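These notes concern the structure reproduced below.
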Amino acid sequence: NNSETILDATNRAINAATHLTEMDAGAIEALRSLALKMDNENVINQLAIEYAKENGLKETSKPDTISIQTYLKFCESLGLTPAGRKGLDEKEKPSGISKLGQLRTVTRGNSA
């Protein structure tokens, strides 16, 4: 089976995302770990199905929807989905000085 793994696709998406920074490193590694977990579960499920077929057993395989939902939420929060990128675009629109910028201005003004 030469199909791309979830981890492979995740790494391609991360490498293509120019907006990610070192500040995202933890979330990126958590996403990669989750992708690997999902890939491993896919292999285990496929082996279980093959074993069931070979031994005349009932095939049962239940997808891990919690991991899938969590994976997609991580992707969205990192801007790796269309909805996540749309959120990034909205945040990048100039809206005046940010709250952090205001705080820094006030703090610098008071310390001078």
(request) Would you please put 79-88, 16-25, 29-38 in order of how densely packed they are, using the mean number of other Cβ atoms within 10 angstrom per residue and starting with the highest? (result) 29-38, 79-88, 16-25
(request) Could you rank 71, 51 by how accessible they are, 1.4 Å probe, largest area first? (result) 51, 71
(request) Evaluate the relative contact order of the range 1-72 (contact order divided by residue number), counting alpha-carbon pairs under 8 angstrom at least 6 apart; express in whole percent. (result) 32 percent
(request) Give me the accessible area of residue 41, 1.4 Å probe, in Å² rounded to the nearest 10. (result) 60 Å²
(message) Probe of 1.4 angstrom, ligands and nucleic acids ignored: what's the accessible area per residue over the range 1-54, in square angstrom?
(response) 70 Å²
(request) Inverting the mean 1/r over all pairs of different Cα atoms, compute the Kirkwood radius of the range 1-68 and quote it in Å. (result) 13.9 Å
(request) Leaving ligands, DNA and RNA out of it, report the carbon-plus-sulfur percent of the accessible area of the range 1-89 at a 1.4 Å probe. (result) 55 percent
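The values are calculated or read from the model by the stated rules, or taken from the named source; none is laboratory data. It should be emphasised that the depicted structure is a prediction, and the values quoted were computed from it without experimental measurement. Ideal geometry is used to build each Cβ from the backbone, glycine not excepted, and the neighbour counts take in all protein chains shown. For the accessible areas, the whole protein counts, side chains as well, though only heavy atoms, and no ligand, DNA or RNA atoms are used. Shrake-Rupley method; radii C 1.70, N 1.55, O 1.52, S 1.80 Å.
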